[in-house]
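Every number here is computed from the coordinates shown, using simple stated rules; none is lab data. Since this is a predicted model, take the numbers as computed values, not measurements. A quick note on method: Cβ atoms are made from the backbone with ideal geometry, for glycine too, and the neighbour counts reach across all protein chains shown.
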Amino acid sequence: MSDKLEDIAKAMVQPGQGILAADESTGTIKKRFDSINVESTEDSRRDYREMLFRAEDAMKNHISGVILFDETLRQKAKDGTPLVDLIKAAGAVPGIKVDAGAQDMVGGKGIEKVTEGLDGLRGRLKEYHQLGARFAKWRSVITIADGMPSHNCVHANAHGLARYAALCQENGIVPIVEPEVLMDGDNSSHTIEQCYGVTEWALNEVFRELYFAGVNLEGIILKPNMVIAGQKCPTQASAAQVAEQTLKCLKATVPTTVPGIAFLSGGQNDTAATEHLSLMNAAGGLPWALTFSYGRALQAAALKAWSGKSENVAAAQGAFGHRAKMNGKAALGQWNNGLENAA
Ligand code: 13P
């Protein structure tokens, strides 16, 4: 595997493949495990993730990269093989979440957040590179609410993303740049039009800050939300509208030098996330690769099927394999209901 940022980025968005976001922080994975009544321990987290990374069909054929949490990057499988080596053996690129989470912003009324984690980041990136990570992720979140987002929130988060991205590239690591306009949460009754406006604003701000920070756009992957109505909005847009508005927004804001865009799922149900991606790719004529970097929309079915029991590993791997395959098809614009429902 080449060490060039441009080559790593291209490998992460190769045709028909996408990224598995398995970088839930200790708090978030506990919430996921609570939903299946499994205690979150170092071993149970290891077992769950080992199950995913050993899902051969999914990992070899549909997953080009895996985002890990710090603990997982250092963890070994039950038989002593480093989990990173399982990922590499499957032909996928290991990556690492490096932000320290979204914290309350001063003046943000407990709603607006700014992502922290720049202190000491250069040193951490050097270590992560030694441990095998070749890309990183930093997520900032923007909430749509009354009078929000503020300029301060959009700007501070874009600035943080740009400083993070520049540090990653300095250390041979491809930054996934993730400015997420949230569709869930308590203040999510926004329309698709409001989501369009805020997403356009956030992306413009991000690319301006990336430019000022001297970031090489050919060596990044953008991870945006889709343009979609908030989960609690009474008027929900059709799948065709989501695809059309998202493409329109991205074409208006994302330079064509960016090699790839890998969406987050953000709380969309599994098949909606797949269908939207497929419709966009089917539209054709796109200047960048368009794929997935899903967490929940790739893992929800597998998590449920697993339920913490070793006898369920094969079924869980099957559930993960199915979603990975469906999203792989979507990355080619070839997903349809018939495939979704085939045994
Ligand atoms: P979801 O697909 O569950 O939104 O997670 C993707 C991710 O990595 C968010 O940072």
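Key figures for this structure:
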quantity	calculated
Under 14 Å from Lys78, Cα to Cα: aspartates and glutamates that are on another chain or at least 8 residues apart	Glu42, Asp43, Asp47, Glu50
GNM result for the chain, Cα springs below 10 Å: residue of Val198, Val154, Val66 fluctuating most strongly	Val198
Gain upon complete extension [Lys304, Asn336; 0.36 nm per residue less C-alpha separation]	9.1 nm
Electrostatic dipole magnitude of segment 23-155 [Cβ: Lys, Arg +1; Asp, Glu -1; Cα centre; debye, to 20]	340
Unsatisfied cross-links (Cα-Cα over 29 Å) in the set Lys76/Lys325; Lys113/Lys304; Lys76/Lys126	Lys113/Lys304
Label-point separation in nm, Ser189 to Asp146, each point 7 Å along Cα→Cβ	1.1
Asp70, Asp119 arranged by Cβ crowding within 10 Å, fewest neighbours leading	Asp119, Asp70
Residue-wise HN-Hα coupling along segment 314-320, computed from phi with Karplus coefficients 6.51, -1.76, 1.60 (Hz; x: Gly, Pro)	5, 5, 5, 5, x, 5, 5
Residue order, fewest to most beta carbons within 10 Å, for Cys233, Cys168	Cys233, Cys168
Chain lengthening between Asp57 and Thr256 when straightened (0.36 nm per residue, less Cα-Cα)	68.4 nm
Karplus-derived HN-Hα couplings along segment 94-111 (A = 6.51, B = -1.76, C = 1.60, θ = phi - 60°), whole Hz, x at Gly and Pro	x, x, 9, 6, 10, 6, 9, x, 8, 10, 4, 8, 4, x, x, 6, x, 9
Segment 194-253: trypsin sites (Lys or Arg not before Pro) falling in loop per DSSP and having at most 14 other Cβ within 10 Å	Lys232
Farthest toward positive dipole pole in the chain [+1 Lys/Arg, -1 Asp/Glu at C-beta], among Ala77, Val206, Leu298	Ala77
Candidates per GluC sites (Glu not before Pro) in segment 101-167, loop by DSSP, up to 13 other Cβ within 10 Å	Glu116
Segment 227-259 and segment 268-343: distance between their alpha carbon centers, rounded to Å	19
Cα-centre dipole for the chain with unit charges at Cβ (Lys and Arg positive, Asp and Glu negative), debye to 20	460
Interchain or long-range residues, amide H under 5 Å from Ile63's placed H	Gly18
Phi-based couplings in Hz for segment 44-59 (Karplus 6.51, -1.76, 1.60; Gly and Pro marked x)	5, 5, 4, 4, 4, 6, 4, 4, 5, 6, 9, 6, 4, 4, 4, 5
Long-range amide H partners of Thr291 with built H, under 5 Å	Ile261, Ala262, Phe263
Sparsely packed trypsin sites (Lys or Arg not before Pro) within segment 26-83, loop by DSSP, other Cβ within 10 Å at most 14	Arg74, Lys78
DSSP-defined beta bridges in the chain - what % are antiparallel, rounded to 5	15
Value of [θ]222 nm, deg cm²/dmol, for the chain, DSSP H segments ≥ 4, -39500 (n - 2.57) each, nearest 500	-14500 deg cm²/dmol
Alpha-carbon centroid distance for the pair segment 1-77 / segment 183-216, whole angstrom	26
Other-chain or far-sequence residues with amide H under 5 Å of Ile142's (modelled H)	Glu180, Val181, Leu182
Prolate/oblate/rounded label for the chain (Cα gyration tensor, a/c 1.5)	rounded
Those lysines that a straight Cα-Cα span of less than 17 Å connects to Lys251, excepting residues fewer than 8 apart in one chain	Lys223
